[in-house]
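J.: Here it is, the structure in full.
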Amino acid sequence: MAGPPGIHSALAGTKPWVRLIGILGFISAGFMIVVGVVGAVFGTAFGDLPPGMGVVFLIYPLMGALYLVPSLYLFRYATRIGEYMRDGQEVQLELALQSQRSFWRFVGILCLVGIVLSVLMIMVAIAIPFMFRSAG
């Protein structure tokens, strides 16, 4: 083991949890994709989709695909932690931290997009009744 023991210990304690969350993210993404595709296939085959469910079956696979990205970043982070713990090279620690940074950058951008979309949806939800009221 090279490098400061405190860093090594902190990363050793973090690695299994990062790997677990990455794997759970892959499982969740796969589940969402499968549910969306299977739901769309069965709904189309039997022709009894309730109104709006077609949109849900489109959104689920898209959300699942979106979940793959942060899961991949976490999985890479855990792998690079393992490489650093094994070899102790500073460049491996730097790569691990870059993977972590990529994860947080993606999640931060996703949160900002979510906030903007939420505000827009609230504005639309408030505006729609006024538009119908003035039209009638």
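Read the figures in this text as sums done on the coordinates, not as results from a lab. As the structure is a computational prediction, the values presented were derived from the model and not from experiment. Every residue, glycine as well, gets a Cβ built from its backbone with ideal geometry; the counts of neighbours run over all protein chains shown.
J.: With a point put 7 Å past each Cα toward its Cβ, work out how far L66 is from V37 in nm, to one decimal.
T.: 2.0 nm
J.: Let me ask something else about it. Between region 81-136 and region 1-51, what's the alpha-carbon centroid distance in Å?
T.: The two parts, judged by their Cα centres, are 16 Å apart.
J.: By its C-alpha gyration tensor, with a ≥ b ≥ c as the square roots of the eigenvalues, how is region 5-110 shaped: rounded for a/c under 1.5, else prolate for a/b larger than b/c, else oblate?
T.: Taking the square roots of the gyration eigenvalues as a ≥ b ≥ c, region 5-110 is prolate.
J.: Estimate the FRET efficiency between D87 and L117 by the formula 1/(1 + (r/R0)^6), using the beta-carbon distance for r and 30 Å for R0, to the nearest 0.05. Intermediate results must be reported in sequence, preceding the final value.
T.: Details: r = 43 Å, r/R0 = 1.43.
The computed FRET efficiency comes out at 0.10.
J.: Sorting M123, M32 on the 10 Å Cβ count, fewest up front, what's the list? Write down the numbers at each step before the final one.
T.: On the way: M123 10, M32 20.
Exposure proxy ranking, most exposed first: M123, M32.
J.: With label points built 7 Å along Cα→Cβ from the Cα atoms of A125 and I59, find their separation and express it in nm.
T.: In this crude label model, A125 to I59 measures out at 1.1 nm.
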